[in-house]
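Beneath this line is the structure, given in structure tokens, with notes to follow.
The values are calculated or read from the model by the stated rules, or taken from the named source; none is laboratory data. Note that this is a predicted model, so its numbers are computed, not measured. A quick note on method: Cβ atoms are made from the backbone with ideal geometry, for glycine too, and the neighbour counts reach across all protein chains shown.
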């Protein structure tokens with residue numbers, strides 16, 4: 001019981017501190033730029049390009065897709081930096097030296113990003129309603145919120161896996177940016193998955209976001225959540241698989257670091 | 001400084017920057033990977049407009065690479081010296097700082113032309129689009145003017161980011177607005193009319209106009225001349241603004257007695 005309480009405490013402390021350290025909360029401008037203003041430009045760019053390409057019929061397709069992709073700002077960039085930041089700040093050896101439960105420590109990094117990722121999507125959708133005529137009149141907002149939560153969770157799972165990989169590369173930004181743009185192409189945010197070549201579609205369906213974006217579009221158009229539960233179950237499972245993969249990579253790299261005496265891993 | 005000495009400094013700064021940038025994964029992403037990914041997205045999203053859209057996408061995505069490199073590499077061309085601890089030495093030498101920064105920016109923008117090569121290769125070889133440039137001579141002149149105008153824009157950003165770090169916090173937010181306002185991948189006619197004056201004071205808009213026109217048709221001199229004249233005029237204005245900013249930077253560094261400007 002004592003261990004459980006200690007681990008729970010560690011989980012929330014780790015979640016809070018890693019998040020505070022990441023966004024430098026004392027400067028609200030940083031948050032505004034990253035989470036409120038920049039997403040607007042991204043949504044505008046891809047939506048306007050989509051409108052130009054389709055003759056102006058499908059703004060909501062792009063608004064919803066790109067709003068959901070915003071979960072990756074937290075899921076990929078936020079979570080990855082929370083993990084790899086330990087190396088940059090020289091605290092990784094201390095982290096590896098602590099007797100704290102690794103799973104708690106690792107998963108704690110993602111908690112706030114899941115919820116902050118949801119806020120990002122809500123901001124994105126709000127921009128869509130205000131500026132791009134996104135119609136939510138047919139939408140059950142609670143159902144949409146649940147889809148956003150599941151999608152944010154699954155994207156964070158991918159972020160945990162990439163975060164562990166970032167411990168063995170010096171080019172974290174290259175990996176993250178490539179993954180982010182990869183999601184813009186493959187997740188169905190901007191290109192309907194059916195339009196992609198068959199073998200690429202298989203990659204799309206093995207990624208987080210793909211089913212989440214599809215479900216969000218369906219709920220916005222008035223389809224009940226009950227019809228989408230299998231898709232959302234799979235989205236959740238994909239997120240878990242990536243998170244577990246990330247955890248095993250994290251522990252494997254820790255083992256290698258200790259074995260070879262390279263406590264900052266590389 | 002004499003003109004040959006200035007040119008020598010520009011060439012050396014250019015050469016050093018190219019060598020450094022070629023090994024920087026972040027720059028490689030901005031110059032090659034991101035433009036190619038934007039090209040893939042655009043080819044799918046605009047594909048219904050027919051085969052002739054391919055050259056439009058190649059140029060638009062290529063320009064996105066140029067602009068990304070201006071924002072992140074040219075914009076950081078002074079702050080990067082601060083990070084590596086070489087700013088004090090650079091300011092201490094008799095060569096004016098803006099000459100060195102010009103050489104660096106020229107390298108960044110010229111290197112960014114790889115964006116267009118990458119997008120061209122992708123559209124032509126992988127997607128199999130037929131790609132031709134209708135007015136190659138005017139196209140090349142437009143490319144040269146575009147490069148110079150992008151370099152001049154970078155000359156404004158570099159001192160601005162140092163003088164006011166708060167502006168640099170919005171650096172990421174400078175990328176997409178120009179993609180939108182300059183009409184890289186869709187016409188600005190899609191935007192509200194009140195945004196047009198903002199587009200007109202951005203040289204990337206005129207660069208996109210000139211390159212899109214010369215790749216698609218054989219434009220009359222009047223049509224193309226306006227874009228060329230606008231790029232030249234705006235470049236002069238950007239240089240004047242950058243001279244003011246470099247002076248401010250120099251004064252600020254002396255007043256605060258902190259050569260690393262923090």
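For every residue, the table says whether it meets (1) within 19 Å of the chain's Cα centre (by Cα); (2) assigned to a helix (DSSP H, G or I).
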| site | (1), (2) |
| --- | --- |
| A:160 | yes, yes |
| A:170 | no, no |
| A:188 | yes, no |
| A:207 | yes, no |
| A:213 | yes, yes |
| A:226 | no, yes |
| A:229 | no, yes |
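The listed residues are B:127, B:179, B:186, B:139, and the only one of them that is over 25 Å from residue B:75 (Cα atoms) and buried (at least 21 other Cβ atoms within 10 Å of the Cβ) turns out to be B:186. One residue stands out among those in region B:6-15 that are touching a residue at least 60 places away in the same chain (Cβ under 8 Å) and surrounded by fewer than 21 Cβ atoms within 10 Å (Cβ to Cβ): the one that is farthest from the other protein chains (Cβ to nearest Cβ), which is B:6.
Every test in (1) within 30 Å of residue A:253 (Cα to Cα); (2) within 14 Å of chain B (Cβ to nearest Cβ); (3) surrounded by fewer than 23 Cβ atoms within 10 Å (Cβ to Cβ) is passed by residue A:69 save one, and that test is (3). Here residue B:69 fulfils each of the conditions (1) part of a helix (DSSP H, G or I); (2) over 16 Å from the mean Cα position of the chain (by Cα) apart from (2).
Within the set A:156, A:104, A:126, A:151, the sole residue that is farther than 28 Å from residue A:223 by Cα and either under 11 Å from the mean Cα position of the chain (by Cα) or part of a helix (DSSP H, G or I) (or both) turns out to be A:104. Checking each residue in region B:19-31 for being more than 11 Å from every other protein chain (Cβ to nearest Cβ) and part of a helix (DSSP H, G or I) picks out B:19, B:20, B:21, B:31. Where helices (runs of 4 or more DSSP H) fall entirely within region A:1-61, those with at least 2 residues that are more than 7 Å from chain B (Cβ to nearest Cβ) and at pLDDT below 75 are at A:2-23. All of B:251, B:162 fail the test of being more than 16 Å from the chain's Cα centre (by Cα) and crowded, with 16+ Cβ neighbours inside 10 Å, apart from B:162. Looking only at region B:33-60, residues that are more than 11 Å from chain A (Cβ to nearest Cβ) and under 15 Å from residue B:121 (Cβ atoms) come to 4 in all. I'd like to know if region A:133-148 contains one or more residues that are within 14 Å of chain B (Cβ to nearest Cβ) and modelled with pLDDT under 90. Yes: one or more hits.
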